[in-house]
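See below for the structure under consideration.
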């Protein structure tokens with residue numbers, strides 16, 4: 001197996017995807033993502049200062065490349081004399097198993113294709129789920145989701161997770177507010193040994209990510225037609241709200257009950273530190289329960305809130321699917337109204 005050629009092909013597919021979808025981001029988010037993509041591609045340390053002129057030249061070259069390849073087709077992958085569709089992750093990984101590599105080709109937010117090729121750290125099967133944990137990445141696209149799932153397969157990307165955690169903790173250090181991130185950081189020794197603390201936090205959050213992805217799969221098994229609905233409401237406010245509902249359903253179904261049962265304090269703080277504004281907006285009682293726990297250390301407040309919310313989010317998700325089935329053209333506005341009328 002020619003690793004260099006395989007990496008080159010996967011990276012080209014990543015570039016084609018980025019060329020077609022870079023416009024999905026606001027200018028600010030786009031520039032931040034490009035900055036970190038440059039850091040990864042050039043193999044700079046997280047703490048390294050990046051030269052603005054170098055980034056600017058690289059950015060111009062990358063955008064020129066995108067213009068040249070935007071209309072090209074995704075390339076098949078050639079492994080051991082066989083050709084594979086780039087989205088055939090299952091069979092590709094079977095072919096790569098003896099080479100200690102892992103690959104994924106799938107769709108993310110706004111139906112953007114995501115591809116990556118990396119060192120395989122571990123592959124295990126738990127309760128019927130195939131869980132791949134990757135290490136060093138040889139190819140990736142502009143957005144590198146730390147965790148992804150498809151059918152019963154879960155991909156957890158250590159390198160992407162570590163980068164995401166570094167960005168979150170580095171952002172917190174600018175003003176050091178007393179919030180959920182501060183509490184998560186205090187669970188580790190960031191002051192004395194940043195690299196060791198970053199690795200420990202990454203290890204812990206990898207486990208939490210597996211819990212969320214299992215919850216996502218379990219939720220998907222109960223929500224037939226979800227992917228089609230999301231495709232039909234892409235680029236609407238309803239899409240953002242629907243993702244928040246699905247995440248809350250997955251997390252009340254599996255993630256939070258398990259974190260609470262395991263008394264994983266650090267991951268609970270990190271979980272709340274990373275709740276999006278939309279998720280906080282539609283589920284304000286969850287943040288209230290978290291603040292109460294921080295005050296009195298009684299985890300049962302969060303536990304009761306999560307237990308009570310499970311049926312609620314399942315019911316809302318099912319109603320959203322029904323609205324989509326009734327009228328595809330009008331469902332976006334009706335989904336927005338449904339969710340806005342059912343905050344808890």
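Given the criteria farther than 21 Å from residue 332 by Cα, touching a strand residue (DSSP E or B) at 6+ places or on another chain (Cβ under 6 Å) and buried (at least 17 other Cβ atoms within 10 Å of the Cβ), does residue 205 qualify?
When the stated conditions are applied, residue 205 does not pass them.
So, residue 112, is that one under 24 Å from the mean Cα position of the chain (by Cα) and on the phi > 0 side of the Ramachandran plot or not? Give the steps one after another, and end with the answer.
Details: under 24 Å from the mean Cα position of the chain (by Cα): yes; on the phi > 0 side of the Ramachandran plot: no.
The answer is no for residue 112.
For residue 229, state whether it is more than 29 Å from residue 158 (Cβ to Cβ), more than 18 Å from the chain's Cα centre (by Cα) and buried (at least 17 other Cβ atoms within 10 Å of the Cβ). Before the answer, list the steps.
Values: more than 29 Å from residue 158 (Cβ to Cβ): yes; more than 18 Å from the chain's Cα centre (by Cα): yes; buried (at least 17 other Cβ atoms within 10 Å of the Cβ): yes.
Taking the combined requirement at face value, the residue satisfies it.
If you take the residues of the stretch 3-20 that are touching a helix residue (DSSP H, G or I) at 6+ places or on another chain (Cβ under 9 Å) and surrounded by fewer than 20 Cβ atoms within 10 Å (Cβ to Cβ), which of them is nearest to residue 67 (Cα to Cα)? Reasoning before the result, please.
Residues of the stretch 3-20 that are touching a helix residue (DSSP H, G or I) at 6+ places or on another chain (Cβ under 9 Å), as a first pass: 3, 6, 12, 15-16, 18-20.
Right, trim to surrounded by fewer than 20 Cβ atoms within 10 Å (Cβ to Cβ) and you get 3, 12, 20.
On the way: 3: 27, 12: 13, 20: 9 Å.
So the residue we want is 20.
Which residues, taken from the stretch 137-169, are at pLDDT 90 or above and assigned to a strand (DSSP E or B)?
Once the filter is applied, which keeps residues that are at pLDDT 90 or above and assigned to a strand (DSSP E or B), the stretch 137-169 yields 137, 138, 139, 140, 155, 156, 157.
Among the candidates 219, 238, which residue alone is part of a helix (DSSP H, G or I) and more than 22 Å from residue 131 (Cα to Cα)?
Working: 219 fails: more than 22 Å from residue 131 (Cα to Cα).
One residue alone meets the criteria, 238.
Can you confirm whether the stretch 251-258 contains a residue that is farther than 17 Å from residue 308 by Cβ, part of a helix (DSSP H, G or I), out of contact with any strand residue (DSSP E or B) (no Cβ under 8 Å at 6 or more places or on another chain) and in the same structural domain as residue 209 (by TED's automatic domain parsing)? Working first, answer last.
Taking the stretch 251-258 as the starting set, the residues that turn out to be farther than 17 Å from residue 308 by Cβ are 258.
Remaining after also requiring part of a helix (DSSP H, G or I): 258.
Going one step further and asking which of them are out of contact with any strand residue (DSSP E or B) (no Cβ under 8 Å at 6 or more places or on another chain), we end up with 258.
Okay, now just the ones that are also in the same structural domain as residue 209 (by TED's automatic domain parsing), so 258.
Yes, because at least one residue in the stretch 251-258 is farther than 17 Å from residue 308 by Cβ, part of a helix (DSSP H, G or I), out of contact with any strand residue (DSSP E or B) (no Cβ under 8 Å at 6 or more places or on another chain) and in the same structural domain as residue 209 (by TED's automatic domain parsing).
Quick one: is residue 23 in the same structural domain as residue 107 (by TED's automatic domain parsing) and modelled with pLDDT of 90 or more?
no
If you go through the stretch 243-270, how many residues are within 15 Å of the chain's Cα centre (by Cα) and farther than 25 Å from residue 336 by Cα? Outline the logic, then answer.
Quick first cut of the stretch 243-270, residues within 15 Å of the chain's Cα centre (by Cα) only: 243-244, 246-248, 250-251, 255, 270.
Subset that is farther than 25 Å from residue 336 by Cα: 255, 270.
Residues meeting the conditions: 2.
The values are calculated or read from the model by the stated rules, or taken from the named source; none is laboratory data. As the structure is a computational prediction, the values presented were derived from the model and not from experiment. Glycine also receives a Cβ, built like all others from the backbone with ideal geometry; neighbour counts cover every protein chain displayed.
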